[in-house]
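First the structure, in the form of structure tokens, and then the observations on it.
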Amino acid sequence: MTRNPIGVGEHYASLDGIRGILAVAVMLFHYGSDTILSHATRGSLPKGAWELCVDFFFILSGFVLCQSYQKRRPGIIEYIIKRALRLFPLFAITTISIIVINFKIPELKVLLSNITLSQSVINLPSINHPAWSISFELYFPILFLFALPFFKSNRRVLFPFFLAGSAACCFALMTGHSLPHARAFFSLGLGFLLNFTTSDWGEESKIPTLYLSFIGCLFILIFGRSIPLLSVALPALSVISIVHGRAGVTLFSSKLILALGQWSYGIYLIHIPVLLAFEKLVGTQPSRHIGAKALMVIATIALAGIAHNLVEQPAIHLSKRIFAKRRPNRITPDERAC
């Protein structure tokens, strides 16, 4: 049992580790993990519900953003510049990579919407399709940032409302209705509200509870498609995992998993360009071959690590330099994407 109360601006390594595991799960899903598991278990394991990882991402991102901005809310221009510098550079690189690999320029409205990261908000496709959630990660938090006082004073009413909305969206997804706008709204909002309700959970983070709740999430990700009703528990278990992820030293904060967490945004965005590049090189679907899958995983993680150092970190430092000149006493947010 580790004492680690939530405080404004704190950073929790275990939450980064959880993000890394979820990003790897999304990558493996797109690389055909369901097929491997089905063959390995002779069909005992059903097709998974790994797309629900994004709902966990939304809750976690809302939590981190709200915590970053509780003490001082930025203006809308400052927020957009900071958030765009965090999200856009790697998004742009992976999007351009897909255009080059496919040797095909999308229609103008799709291209322009992706350039402005507004594609999902206005119901247009993402060129790098897992990046559909990034559009909401940029624009929807604006609604919540300027509603922080309202959220704080009405948290006991709003929290169950957003929790129920997020659960309903998860169930809808498992029954064939994606509802991307509602998923982003309720799950990001739930993460924001979580900051104001943590006092109700107590100040101590319980490591066994963290492990049990995250195992529960994994169980839902594996069996949620075959038993859709399970999916309604994912937001609640995600909330519990985040609350108890405040623990100082856990399996999720170990060196390897923490590295995956730090590279999670890259893993999330880079794995599709890697898949498409392998398809062009091999001339077939590499996701059908175990050796090709392994190479794609290694390539994706390696490129994500490089991108973290050469793209993400310089953009974050640029953001800090820009606003350090304007607000020398500001709090620098730890903005983690997806």
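Answer yes or no: is there a residue in region 292-303 that is outside any helix (DSSP H, G or I), crowded, with 16+ Cβ neighbours inside 10 Å and under 17 Å from the mean Cα position of the chain (by Cα). Step through it out loud before you land on a result.
Residues of region 292-303 outside any helix (DSSP H, G or I): none.
No: region 292-303 contains no residue that is outside any helix (DSSP H, G or I), crowded, with 16+ Cβ neighbours inside 10 Å and under 17 Å from the mean Cα position of the chain (by Cα).
Name the single residue, out of those in region 241-284 being charged (D, E, K, R) and touching a residue at least 60 places away in the same chain (Cβ under 8 Å), that is surrounded by the most Cβ atoms within 10 Å (Cβ to Cβ).
Applying the first criterion (charged (D, E, K, R)) to region 241-284 yields 246, 255, 279-280.
Add one more test, that the residue is touching a residue at least 60 places away in the same chain (Cβ under 8 Å), and what stays is 246, 280.
Numbers: Arg246: 24, Lys280: 11.
Filtering first and then ranking leaves Arg246.
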Query raised in the report: Does region 171-185 contain any residue that is farther than 23 Å from Pro125 by Cβ, part of a helix (DSSP H, G or I) and in contact with a strand residue (DSSP E or B) (Cβ under 9 Å, 6 or more places away or on another chain)?
Result: no
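Pick from Leu163, Leu210, Leu234: which is crowded, with 24+ Cβ neighbours inside 10 Å, more than 16 Å from the chain's Cα centre (by Cα) and touching a residue at least 60 places away in the same chain (Cβ under 8 Å)? So that I can check it myself, show each step before the final result.
On the way: Leu163 fails: crowded, with 24+ Cβ neighbours inside 10 Å; Leu234 fails: more than 16 Å from the chain's Cα centre (by Cα).
Only one candidate passes the filter, namely Leu210.
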**Report entry** Given (1) part of a helix (DSSP H, G or I); (2) in contact with an Asp or Glu (Cβ under 9 Å, 6 or more places away or on another chain); (3) closer than 24 Å to Leu193 by Cβ, number of the condition Ile257 does not satisfy
**Finding:** (3)
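Could you say which residue among Arg3, Arg83 is modelled with pLDDT under 90 and not β-branched (Val, Ile, Thr)? Spell out the reasoning first.
Working: Arg83 fails: modelled with pLDDT under 90.
Only one candidate passes the filter, namely Arg3.
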Report summary line: Scanning region 119-133 residue by residue, those polar (S, T, N, Q) and under 17 Å from the mean Cα position of the chain (by Cα) turn out to be Ser120, Ser126, Asn128, Ser133
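In region 283-333, which residue that is among the polar types (S, T, N, Q) and over 30 Å from Tyr69 (Cα atoms) is modelled with the highest pLDDT? Don't jump to the end; show me each part of the working.
Of region 283-333, the ones among the polar types (S, T, N, Q) are 284-285, 287, 300, 309, 313, 319, 329, 332.
Checking the rest, the ones that are also over 30 Å from Tyr69 (Cα atoms) come to 284-285, 287, 300.
Numbers: Thr284: 63, Gln285: 64, Ser287: 55, Thr300: 97.
By that ranking, first place goes to Thr300.
The values are calculated or read from the model by the stated rules, or taken from the named source; none is laboratory data. Because the structure is a prediction, the values reported are computed rather than measured. Using ideal geometry, Cβ is built from the backbone for each residue, glycine included, and neighbour counts are taken over all protein chains shown.
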